[in-house]
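Here the structure is laid out as structure tokens; the discussion comes afterwards.
Quick note: the coordinates plus some simple rules give every number you see, no bench work behind them. Fair warning: this is a prediction, and the values are worked out from it, not measured in the lab. Cβ placement follows ideal geometry from the backbone for every residue including glycine, while neighbour counts extend to all protein chains displayed.
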Amino acid sequence: MKHLYLGRQPVLNKGSEICAYEVLYRDSQKKSNITGDRYASASVITSVLNKFGTKSLLGKKRAFIKIDEKFLLSDIIFSVPKEFFIFTLLESIEMSERVIERLHALHDSGYILAINDIELTSENLKRYSTVLDILSYIKVDFSYSTDGKEIVKELKRHNLTLVATKIEHAHEYEHAKELGFDCFQGYFFAEPQILENRQYEPQQLKILKIYNLLMVDTNIDEITSEFEKNPEITLQLLQFINSGAFHFRKKISSIHHILILLGRIEVAKWLMLMIYAKSVSKAPNQDPLILMVKNRTELMERVVKKIHPDAGSNMIGEAYFVGVLSLMDVVFKMHLEDLLYGINISEVVKNALLRDEGELGDIYSLVRAVEAFDVDKIISFEEKYKLPMGSIKNIVVDSIENVNSFEHPQE
């Protein structure tokens, strides 16, 4: 039985905010074809999006979807909702008279058009010269040698948004910015090393100290006292609790009351998210790092519940902390092993994070496979834990929807 696996990769603007997604697809019959036919045709992508719902998968963002010449020239293309997608032409499409005529018809109908992953050369500039004025995006593959400042200037004259793709190293990202690119995409941001140049905040150590107090058998009055020594943290926690995320009959006005009502684990979870939020930009919900850690914790918890429907709070809590701690090395700019040495967590969590050991280690490895779109590993995990085919796909889709609601809480 053929089965669909869905993923998405963020496209970032100059402010490191997610401005669009690239929707990724692979089926189980082509699961090992990682570098070849990596993306499905637009017709299959459209059916997947229609099945799961564009709002749950994309939020308010658009999706780049690749289309070949056959689909481009098919009348079916006009049935695709124009408000959700950016049609991205594969490089294999020749700029024939018929193709150019169809592109003008799509543009006149309000569709947004892009060229996919070309090399930045004068030959390509000439090749697409007749359609530059009706395109909105050009995606440039940075796995090639890229040195075309004059070509970039020419493309900018046509009001095009330039997207640098396959950015995997810091020097490629810096080079793309110097050339004048507007948006960026690649595994460099997924890791996300883009944060290395941001200023480190000493406040994070204070948060980590409170976290440790919560995770050991510390007297509640001592924990309350530590919060009171850090009014900024206390104020943010009170604002969070009273923001509507929790439903209490009366407004809560003390840390002591919060600790009794929520419990140590829930407060500790919130503190960990605050550490990530403080390491990113002024709009943390837009930053790929905080969205990535939110997605990891969602996946970890949901997979544990799938394997163990009767999982208790301790088991689910350990899964959460594997996810949330997995990116702490990015925040603190130090090796994860050194960081974990000073944090009070179980050996099960440490071994899962450092050595992929045990069941939690298997789930953590699965989460990274989902991020890398490694379908072979996803299927192997389902087989090992005797899960129905497609179980992980459904969990991923549900997690994406929940992360979207976290990113846009007003929606």
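A few notes on this one:
- Full-extension gain in nm, ASN351 to TYR144, via 0.36 nm per residue minus C-alpha separation: 70.6 nm
- Under the convention that each Lys and Arg Cβ holds +1 and each Asp and Glu Cβ holds -1, the size of the dipole of the stretch 117-160 around its Cα centre is about 200 debye.
- Virtual paramagnetic centre 7 Å along Cα→Cβ of GLU383, amide N under 15 Å, in the stretch 345-377: 375-377
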